[in-house]
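See structure below.
The values are calculated or read from the model by the stated rules, or taken from the named source; none is laboratory data. This structure is a prediction, so every number in the text was calculated from the model and none was measured. Reconstructed Cβ throughout: ideal geometry from the backbone, glycine too, with neighbour counts over all protein chains shown. Keep in mind that these areas ignore ligands, DNA and RNA; they rest on the heavy atoms of the full protein, side chains included. Shrake-Rupley method; radii C 1.70, N 1.55, O 1.52, S 1.80 Å.
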Amino acid sequence: MDNNDILIRLRFAMDLKNREMAEIFKLGGMSVTVPEVVKILTRTDDFAEESEEHIVCDNHMLDSFLNGFIIYKRGKQEPKPGQPAKEEPSMSKHTNMNNLLLKKVKIALALTTEEMLDIFDEGGIKVTKGELGALLRKEGHKNYKQCGDNFARKFLRGLTVRYRG
């Protein structure tokens with residue numbers, strides 16, 4: 001599952017319009033127009049991947065969208081007095097964005113662990129608290145587990161069931 005597919009599924013699950021998608025990208029620090037959003041959300045086959053009608057969503061673009069999604073749903077968080085602003089970690093080391101997807105959607109929608117487990121269940125996969133904790137761990141932690149495409153797909157399907165009925 002590539003980053004464009006993640007955006008397509010997340011957009012459908014949360015019932016976001018193209019204008020809202022462009023606004024979310026802007027909140028995440030990336031300027032994307034509505035026509036560009038349409039090109040990002042266009043499904044391609046293996047032969048038309050280099051088409052001018054398609055924009056490939058890289059890890060930085062997806063990370064910007066997810067950061068903007070948090071701000072869109074929860075509002076911008078101002079740093080506390082005397083606390084320096086947090087620097088965003090570099091996305092170059094992330095080859096698989098599924099773990100980041102789970103973490104940032106959890107934050108954006110203010111989901112509890114039980115709600116996350118219910119969403120996975122609604123998506124058609126049984127996940128234990130321990131497995132969920134491993135998926136949400138920081139990369140490099142001894143209990144970290146990489147989130148596969150199947151887990152991410154089932155999570156996005158569960159979001160669709162929960163938020164679109």
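Please go through segment 66-81 and give me each residue that is more than 15 Å from residue 99 (Cα to Cα) and among the hydrophobic types (A, V, I, L, M, F, W, C), ordered by number.
Answer for segment 66-81, where residues must be more than 15 Å from residue 99 (Cα to Cα) and among the hydrophobic types (A, V, I, L, M, F, W, C): 69, 70, 71.
Please state which of the following conditions residue 161 fails to meet, knowing it meets all the rest: (1) open to solvent by 80 Å² or more (accessible area, probe 1.4 Å); (2) modelled with pLDDT of 95 or more; (3) in contact with an Asp or Glu (Cβ under 8 Å, 6 or more places away or on another chain).
Here residue 161 meets the rest and fails (1).
Pull up segment 115-142, narrow it to residues that are open to solvent by 30 Å² or more (accessible area, probe 1.4 Å) and either of a type in the set (S, T, N, Q) or closer than 23 Å to residue 71 by Cα (or both), then point me to the one that is farthest from the chain's Cα centre (by Cα).
128
I'm told residue 66 meets every condition in (1) modelled with pLDDT under 95; (2) closer than 17 Å to residue 16 by Cα; (3) open to solvent by less than 50 Å² (accessible area, probe 1.4 Å) except one. Can you identify the failing condition by its number?
Here residue 66 clears every test but (1).
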